[in-house]
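The values are calculated or read from the model by the stated rules, or taken from the named source; none is laboratory data. Owing to the predicted nature of the structure, the values given are computational and were not obtained by experimental measurement. Note that we place each Cβ from the backbone using ideal geometry, even for glycine, and neighbour counts take in every protein chain shown. Side chains included, ligands, DNA and RNA excluded: accessible areas come from the protein's heavy atoms. Shrake-Rupley method; radii C 1.70, N 1.55, O 1.52, S 1.80 Å.
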Amino acid sequence: MPKRGKKYQEAAKLIEQQNLYDATDALDLVIKAAPAKFDETVEVHLKLGVDGRHADQQVRGAIVLPNGTGKSQRVLVFAKGPKEQEAKDAGADYVGADELADKIQKESWFDFDVVVATPDMMGVVGKLGKLLGPKGLMPNPKSGTVTMDIAKALEEIKAGKVEYRLDKTNIIHTPIGKVSFGTDKLLGNFNALVEAVVKAKPVAAKGQYLRSVTVASTMGPGVKVNPARVGTNN
């Protein structure tokens with residue numbers, strides 16, 4: 001285990017490591033235990049009772065958090081013709097086609113947080129899979145980032161849309177805001193995310209769905225939430 005700094009160790013003393021907290025109390029503790037001088041991001045980590053290696057047990061989607069994320073998202077849109085202008089009018093930070101794909105490939109350019117594409121551009125975007133995929137930037141219809149309704153996609157992203165998806169260990173890691181939001185706003189976002197993930201439960205999933213729920217700030221210790229007290233865990 002890496003040696004933790006003094007601030008982290010002091011913060012960890014506030015938390016009973018074996019305790020399972022209600023979401024409100026857990027988020028209170030995350031805020032109190034955030035050790036950094038900057039406004040830390042608060043993340044939720046959901047361990048699910050599924051096996052993501054099977055297609056029928058994948059869990060993936062997107063949700064607009066009711067209180068936003070506290071982060072300004074830079075959006076790259078792959079589009080041509082009228083859709084290119086629609087993207088510009090809707091506030092996209094970068095819009096283009098092959099020239100942007102070349103820039104990503106040749107210059108390792110990644111000055112963006114979200115990629116949106118019209119379906120006809122997926123031939124171009126598909127060639128970037130090995131570069132965008134590992135960074136979680138590949139557009140996907142399930143998350144609403146492959147769409148003809150560019151204006152709506154941009155509106156949702158700018159309003160605080162986040163994606164959730166399983167990692168290789170069947171855990172979802174998703175930001176729900178900043179420490180400065182306070183408990184009530186973070187709780188609203190937490191509940192919205194958990195509800196969305198519970199609704200996305202695959203039919204093939206058996207047994208307990210929410211295995212563990214943890215909330216933490218960027219630099220702070222994790223606080224365990226009682227999974228039986230959130231969502232509909234069955």
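Points to keep in mind about this one:
- A Cβ distance below 8 Å, combined with a sequence gap of six or more or placement on separate chains, defines the contacts here; from the stretch 158-184, residues that are within 21 Å of residue 144 (Cα to Cα) reach residues that are assigned to a helix (DSSP H, G or I) and open to solvent by 60 Å² or more (accessible area, probe 1.4 Å) in the pairs 177/185.
- When the criteria are applied in full, residue 194 meets the requirement of being in a helix (DSSP H, G or I) and closer than 30 Å to residue 13 by Cβ.
- Of everything in the stretch 16-50 that is among the hydrophobic types (A, V, I, L, M, F, W, C) and within 14 Å of residue 176 (Cα to Cα), the residue that is most open to solvent (accessible area, probe 1.4 Å) is 31.
- Lone unmet requirement of (1) over 30 Å from residue 29 (Cβ atoms); (2) in contact (Cβ under 8 Å) with a residue 60 or more places away in the chain for residue 105: (2)
- In the stretch 73-118, residue nearest to the chain's Cα centre (by Cα) [restricted to those that are of a type in the set (Val, Ile, Thr) and closer than 15 Å to residue 145 by Cα]: 114
- Test result for residue 92, assigned to a loop (DSSP other than H, G, I, E, B), farther than 27 Å from residue 196 by Cβ and among the aliphatic types (A, V, I, L, M): no
- Count of residues meeting criterion [touching a residue at least 24 places away in the same chain (Cβ under 8 Å), of a type in the set (Lys, Arg) and either more than 27 Å from residue 109 (Cα to Cα) or assigned to a loop (DSSP other than H, G, I, E, B) (or both)] in the stretch 37-86: 4
- Members of the stretch 171-185 found to be buried (at least 18 other Cβ atoms within 10 Å of the Cβ) and of a type outside the set (Ser, Thr, Tyr), listed by number: 172, 175, 176, 177, 178, 179, 181, 185
- Total residues in the stretch 108-162, condition aliphatic (A, V, I, L, M), open to solvent by 30 Å² or more (accessible area, probe 1.4 Å) and in a loop (DSSP other than H, G, I, E, B): 2
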